[in-house]
Amino acid sequence: MLPHQRRSITEKKRKLPGKALIAILLLGLIFAALAMNSTLKPLIKTLAIGRAESIATIAINDAVTKVLETKQIEYSDLVDISYNADGLVTSIKVNSVEANKLKADLSNAIADSLYHMDRKQITIPLGTMTGIDFLAGRGPKVKLYINLTGSASTDLVSEFSTAGINQVCHQIDLRVDTNLYIIMAGQNTSTQITSDIVIAETVIVGSIPEIYAGANDELWPNLVE
């Protein structure tokens, strides 16, 4: 074997360990990336859901507040209470027309507000992304973006509660059931939230009827016993 051939074989042998080391490092990086990805996905999903619920709740509350401020709705606009000569409540009657108008206005405002949620930003501290407990919440923040969309159904709910001797608080709430859809890089998810927002309330002095019957009974599913 010629001298230059022996040198070539020796150089190849020397290069092989270096290539093997690079291959091992690359495999290690790949496994580390996969492990971090499996840790990050649930974390990002949880943070995205929490952020989306917060954004949607604020959007719904703002939409309802604007409608109520514009319409200046009072309890007497929705409910009429009649008393007898002894001061006992003889009837509690809902104004179905006004109640349905208000519900429609609120539903439209909420739908419009959810439609315009669009793209939002969430941030995750770099230490939290490592999955190491003592690093959680530490380090620079990594910015991520999520796209939000949602739909909501609304209902008016009546609640009665004791406010004192011969006094009952009657509260009308708007119940909003919202389906949120969250789109982000690498994964999509969804969540549901229910919000109860006070629309009107009053304190009724005197005993109230044990049974209520009217044109819109479903509006009062939980009268006080």
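Asn108 is checked against (1) touching a residue at least 24 places away in the same chain (Cβ under 8 Å); (2) under 27 Å from Ala200 (Cα atoms) and fails just one. What number does that condition carry? The number of the failed condition is (1). For the range 74-89, filtering for residues that are surrounded by 13 or more Cβ atoms within 10 Å (Cβ to Cβ) and of a type in the set (Ser, Thr, Tyr) leaves 2. Of the residues Thr128, Thr90, the single one that is part of a strand (DSSP E or B), of a type in the set (Val, Ile, Thr) and on the phi < 0 side of the Ramachandran plot is Thr90.
Number of residues in the range 92-112 that are in contact with a strand residue (DSSP E or B) (Cβ under 9 Å, 6 or more places away or on another chain) and either open to solvent by less than 40 Å² (accessible area, probe 1.4 Å) or under 30 Å from Pro140 (Cβ atoms) (or both): the value is 7.
Filtering the range 168-202 down to residues that are among the hydrophobic types (A, V, I, L, M, F, W, C) and open to solvent by 60 Å² or more (accessible area, probe 1.4 Å), which residue is modelled with the lowest pLDDT?
As a first pass, look at the range 168-202 and keep what is among the hydrophobic types (A, V, I, L, M, F, W, C): 168-169, 172, 174, 176, 180, 182-185, 193, 197-200.
Now restrict to residues that are open to solvent by 60 Å² or more (accessible area, probe 1.4 Å): 183, 185, 198.
On the way: Ile183: 86, Ala185: 73, Val198: 88.
If we take residues in the range 168-202 being among the hydrophobic types (A, V, I, L, M, F, W, C) and open to solvent by 60 Å² or more (accessible area, probe 1.4 Å), then Ala185 is modelled with the lowest pLDDT.
In the range 165-205, the qualifying residues are those that are assigned to a strand (DSSP E or B) and free of Cβ contacts under 8 Å to residues at least 24 places away in the same chain, and the one that is farthest from Leu68 (Cα to Cα) is Asn188.
Residues are listed down the side, and each one gets a yes or a no for (1) at pLDDT below 75; (2) open to solvent by less than 50 Å² (accessible area, probe 1.4 Å):
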position: Asp118; (1), (2): no, no
position: Thr123; (1), (2): no, no
position: Gly127; (1), (2): yes, yes
position: Gly137; (1), (2): yes, no
position: Leu156; (1), (2): no, yes
position: Asn166; (1), (2): yes, no
position: Ile211; (1), (2): yes, no
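The values are calculated or read from the model by the stated rules, or taken from the named source; none is laboratory data. Note that the coordinates shown come from a computational prediction; the quantities given were computed from them, not determined experimentally. Here the Cβ is made from the backbone with ideal geometry for all residues, glycine too, and neighbour counts use every protein chain on show. Quick note on the areas: whole protein, heavy atoms, side chains included, nothing else; ligands and nucleic acids left out. Shrake-Rupley method; radii C 1.70, N 1.55, O 1.52, S 1.80 Å.
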